[in-house]
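We did not get these values from a lab; they are worked out from the coordinates using the rules stated. Values in this document were obtained by computation on a predicted structure and should not be read as measured data. As a convention, Cβ positions derive from the backbone with ideal geometry for all residues, glycine included, and neighbour counts pool all protein chains shown.
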Amino acid sequence: MLERIVAQHGTVNVLVNNAGIGGSQQVIDRESLSDWNSVVAVNQTGVFLGMREVIPLMRRAGGGSIINFSSIWGIAAVCGCGGLPCDQGGRPTPDKKCGGDVCHRRHPRQFDPPGHCRDPHGSG
């Protein structure tokens, strides 16, 4: 996919990691290893793979931005929801690692911890 993007646009300037899954929502002592691994594969490994693939392109282009979003569950105490809070709490780690590895080379990265907002189109 990146080859097609580069062929069409010349480079990759921005990566936004916003995908994630919630998993089984079981309490942690009932969470299966399979469900745990599925959440980690999407929510953490996906972030890693995206960053790993675009950083060389950004280096060649002279810079770029990486923005990693997380869930409020990564910073709030939420009971009875399995691996998601543990997983989301690990979301800032790639940003810290990236900061030490490449950000001094003009690759800003940003971790956006969530917050609540009122949706004028929602019910609350």
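For this structure, a couple of remarks:
- Pairing residues of the range 33-47 that are within 11 Å of Ile21 (Cα to Cα) with residues that are polar (S, T, N, Q) and assigned to a helix (DSSP H, G or I), at Cβ distances under 8 Å and at least 6 apart in sequence or on separate chains, gives Asn43/Gln88.
- Taken over the range 13-46, the criterion of being over 15 Å from Leu2 (Cα atoms) and among the hydrophobic types (A, V, I, L, M, F, W, C) is satisfied by Ala19, Ile21, Val27, Ile28, Leu33, Trp36, Val39, Val40, Ala41, Val42.
- The listed residues are Val40, Val54, Val12, Val47, and the only one of them that is under 22 Å from Ile67 (Cα atoms) and either of a type in the set (D, E, K, R) or touching a Lys or Arg at 6+ places or on another chain (Cβ under 9 Å) (or both) turns out to be Val47.
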